[in-house]
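Student: To start, I am sharing the structure in question, which I have written as structure tokens.
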Amino acid sequence: MKTVYIKRFLMNVIVYLTIAMSLYYLYSPMSNYGGNKTSSTVKFVYQQF
Amino acid sequence: MYVAVLVVCKSILQESFYKYILALLNGLFLIVIYPNPIHFFLLVLYSYLLTFLCADVFKFKKKIWGILFLLLPMLLVKFDIRIHSYTGKLNDLISFAGLSYASFRIMGYYMDKAPKEKMADITSYFNFLSFTPTLLIGPIDKYSRFKISQDNGFTNINPENFIIGWNNLVKGIAFKYILAEAVDRYWLSKYDTQSKEFLPMVNNMYGYFVYLFFDFAGYSFMALGIGKMMGIHVPVNFTNPFLAVNPSDFWRRFHISLGDWLKEYFFTPLYLFFTRMKGLKPYPLLRQNASLFLTFLLMGCWNGFRFNYILSGSLFGLYSMIHNTYTVQCKKKGKDVFFGNMNPIAVRCISIFIMINLSALAVYIFSGRCHL
């Protein structure tokens with residue numbers, strides 16, 4: 001049982017670290033990307049009005 | 001912040017106060033952040049009074065009149081109708097972002113309301129229409145389901161639901177802000193949408209399909225997660241659409257709440273209507289196919305009266321008609337008329353492959369990125 005919890009904890013750590021690093025990589029001020037060019041679903045809803 | 005407010009209120013207030021706190025939070029969001037909040041409040045009042053008049057005062061046996069009046073604001077906006085005495089667009093007076101989703105919920109409530117059923121109280125009705133996480137792009141909930149969640153709102157705010165909600169929220173963030181963003185940045189943006197060459201067109205087609213899924217599913221998972229943390233169960237809207245084996249399976253996996261809504265409130269009544277028509281009685285397949293095609297055509301029109309939306313909806317209608325005819329033929333002949341005795345795993349893989357390509361094509365047309 002204890003091993004299962006430890007494995008789950010480590011898995012969560014890996015997943016959250018990956019998400020955090022990906023977000024930092026994509027959105028940090030150092031990223032020189034000009035912004036998303038493809039219209040999102042919410043933008044689509046707004047554009048209709 | 002919403003969750004924190006509700007957790008604090010849970011410790012000091014009784015269960016019956018949940019809906020009022022939720023109404024305050026929803027109202028606050030509308031007033032502070034939402035564009036055209038007055039339009040939204042007016043629509044809530046208009047639809048509430050109209051539902052009451054049609055269902056409880058006049059007791060219309062045929063619901064079609066009530067439906068037409070309830071959908072009137074959305075129809076006026078979609079058809080871009082103008083009036084002579086007002087020089088601007090009528091849209092500016094009544095429209096707001098999310099009007100379509102609100103109209104779907106309003107119509108669903110009216111259709112579901114039994115003749116002797118007591119009218120919903122205005123606070124619950126307002127919460128149902130304005131629940132912040134699902135306000136703009138759904139999922140489209142049913143009032144009965146929403147009401148059960150709302151009545152146990154404070155009880156639903158517990159550690160188990162918080163963890164489920166948190167996991168969905170994180171999944172939504174990863175889908176929307178990492179995967180959809182990455183698809184846009186490293187795939188779609190590399191190809192010119194105006195190009196008429198084969199390779200850019202193919203990349204735009206598949207890239208946009210994947211992007212749309214991560215973007216839309218991301219929002220839906222975030223809505224589900226936040227809803228769960230706030231004590232409201234929001235229906236699941238996406239379950240692996242890339243594994244769909246046929247058109248009906250695709251709509252059971254992609255934007256599920258819209259597919260369910262169209263099936264329950266448009267396809268089934270339309271099919272029953274065709275069944276009652278004497279001339280169509282001997283042709284069950286024709287009735288089914290006509291109902292399927294018109295349902296998907298409506299879905300296309302709902303996105304807007306533009307050629308690409310209507311063509312995309314018609315294409316999904318055509319896929320469904322072909323698949324329905326194929327299923328009927330298989331049943332008639334007692335064997336698979338297309339795959340024969342092929343290995344079921346191979347059949348499944350081929351079906352998934354065909355469905356991915358067909359749906360990517362329809363979504364590509366919907367996107368307006370292709371040249372028509």
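The values are calculated or read from the model by the stated rules, or taken from the named source; none is laboratory data. Source: prediction; values computed, not measured. Cβ sites come from the backbone with ideal geometry, for glycine too, and all protein chains shown count toward neighbours.
Student: Return the residue satisfying two criteria in turn: it lies in region B:187-201 and is facing chain A (nearest Cβ under 10 Å) and assigned to a helix (DSSP H, G or I), and of such residues it is farthest from B:S367 (Cα to Cα).
Tutor: B:S189
Student: Of the conditions (1) assigned by TED's automatic domain parsing to the domain that holds B:I322; (2) modelled with pLDDT of 95 or more, B:H255 satisfies every one except a single condition; which number is it?
Tutor: That leaves (2) as the condition not met.
Student: Of these, B:I173, B:I122, which one is in contact (Cβ under 8 Å) with a residue 24 or more places away in the chain, more than 24 Å from B:W261 (Cβ to Cβ) and within 24 Å of the chain's Cα centre (by Cα)?
Tutor: B:I173
Student: When the residues of region B:321-363 are filtered to those that are of a type in the set (F, W, Y) and at pLDDT 95 or above, which remaining residue is nearest to B:L285 (Cα to Cα)?
Tutor: Selected residue: B:Y326.
Student: Just to confirm my filter: which helices (runs of 4 or more DSSP H) fall fully inside region B:1-57 and include at least 3 residues that are farther than 26 Å from B:L76 by Cα?
Tutor: Passing ranges, in order: B:2-12, B:18-32.
Student: Checking the condition in the same structural domain as B:V234 (by TED's automatic domain parsing), crowded, with 20+ Cβ neighbours inside 10 Å and over 25 Å from A:N32 (Cα atoms), which residue from B:F198, B:F209, B:F175 passes?
Tutor: B:F209
Student: State yes or no: is B:F221 on the phi < 0 side of the Ramachandran plot, at pLDDT 95 or above and either more than 10 Å from chain A (Cβ to nearest Cβ) or surrounded by fewer than 18 Cβ atoms within 10 Å (Cβ to Cβ) (or both)?
Tutor: Here the answer is yes, as B:F221 does meet what is asked.
Student: To continue, here is another question. Hey, among the residues in region A:19-49 that are aliphatic (A, V, I, L, M) and over 27 Å from B:S95 (Cβ atoms), which one's modelled with the lowest pLDDT?
Tutor: For region A:19-49, the residue satisfying everything is A:M30.
Student: Let me ask something else about it. Quick check on this structure: which one of B:S149, B:S124 is under 21 Å from B:A23 (Cβ atoms), in contact with a His (Cβ under 6 Å, 6 or more places away or on another chain) and more than 14 Å from chain A (Cβ to nearest Cβ)?
Tutor: After applying the criteria, what remains is B:S149.
Student: Test B:F17 against the stated conditions and say whether it is surrounded by fewer than 18 Cβ atoms within 10 Å (Cβ to Cβ) and farther than 17 Å from B:F128 by Cα.
Tutor: Considered against the rule, which asks whether it is surrounded by fewer than 18 Cβ atoms within 10 Å (Cβ to Cβ) and farther than 17 Å from B:F128 by Cα, B:F17 comes out as no.
Student: Please indicate, with yes or no, whether at least one residue in region B:235-257 is touching a Leu at 6+ places or on another chain (Cβ under 7 Å), within 30 Å of B:V347 (Cα to Cα) and surrounded by fewer than 16 Cβ atoms within 10 Å (Cβ to Cβ).
Tutor: yes
Student: From the residues in region A:7-32 that are in a helix (DSSP H, G or I) and more than 11 Å from chain B (Cβ to nearest Cβ), which one is farthest from B:K171 (Cα to Cα)?
Tutor: A:K7
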